[in-house]
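Okay, structure first, notes after.
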Ligand code: CDP
């Protein structure tokens, strides 16, 4: 039964899930929950412990969760925009570093950490009028009864170009090739892990944003959300 007032947006790295989910949530008057930001926050904490490389895959999840709770890792609504907070302040600058990005797939493969993230997402979504939640396993595992599931993809070149642009880097062939390889490595790791791998839910609607403008992509989801009676 589609009981949850949730729009699930899943897809590979840099497909535009987060910015799209944020705009859809604003249009419909729902909150946006970025599950990747919590995995990034956990990775930040693991790096702050001094863990690197293989250590990130073998860390003690109980110790990491205790530290996440002590340091107050959570998704917090700050004037209509929900972001990860850590140590009582916004954590965006600390969770979007290259070091966090290259470690996050190892950390997110640890089942007990996934259970912790999923519990935060479910509790936050249940508390509000509804939520747009983006990630890799939102429609398959976290909210299998979401009212609407979208699987957002884009070509590797479009995704690499977007990431370089977000970081303000020049878009030349060498950088594009590098970034495309980094995204492919993360997608492989996220798709091949044993628990909650990146995969499209059988009842998700595929959306290829390669040749759509950002506004068209957002409007496509908002229209379907409204037709299901979600949001305003
Ligand atoms: O924004 P970007 O596409 O770079 O990734 P993200 O959404 O911030 O997610 C960062 C990482 O967290 C992913 O590469 C996955 O390893 C993990 N993740 C996950 O395993 N499950 C989710 N629901 C969301 C993110």
Order these peptides, 67-73, 57-63, by their mean beta-carbon neighbour count within 10 angstrom, highest first.
-> 67-73, 57-63
Among 96, 232, which comes first, second and so on when ranked by fewest other beta-carbon atoms within 10 Å?
-> 232, 96
By per-residue mean of other Cβ atoms within 10 Å, what is the highest-first order of 106-115, 204-213?
-> 106-115, 204-213
When the chain is fully extended, how far beyond the present Cα-Cα distance does residue 199 get from residue 48, taking 0.36 nm per residue of separation?
-> 51.3 nm
Average projected area of the Cα convex hull of region 78-151, in nm²?
-> 6.2 nm²
Quick one: Cα centre-to-centre distance for region 126-198 and region 28-52, in angstrom?
-> 14 Å
Taking other Cβ within 10 Å of each residue's Cβ, how do 32, 83 sort, fewest first?
-> 83, 32
Mean separation of Cα pairs under 8 Å and 6+ residues apart, divided by the residue count of region 69-215: what relative contact order is that in percent?
-> 23 percent
What shape does region 1-117 have by the C-alpha gyration tensor, where a ≥ b ≥ c are the square roots of the eigenvalues, rounded means a/c under 1.5, and otherwise prolate means a/b greater than b/c and oblate the rest?
-> prolate
How big is the gap, in Å, between the Cα center of region 69-125 and the Cα center of region 199-232?
-> 25 Å
Among 120, 79, 217, which one moves the most in a GNM of the chain with springs linking Cα atoms closer than 10 Å?
-> 79
Which residue, 92, 169, 179, tops the fluctuation ranking in a GNM of the chain built on C-alpha contacts under 10 Å?
-> 169
Expressed as a percent, the portion of alpha-carbon pairs in the chain spaced more than 24 Å apart is 42 percent
Which ordering of 65, 95 is given by a fewest-first count of other beta-carbon atoms within 10 Å?
-> 65, 95
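Throughout, read-outs are computed from the coordinates displayed, never taken from laboratory work. Keep in mind that what you see is a predicted model, and the values were worked out from it rather than measured. Virtual Cβ from ideal backbone geometry, glycine too; neighbours counted across all protein chains shown.
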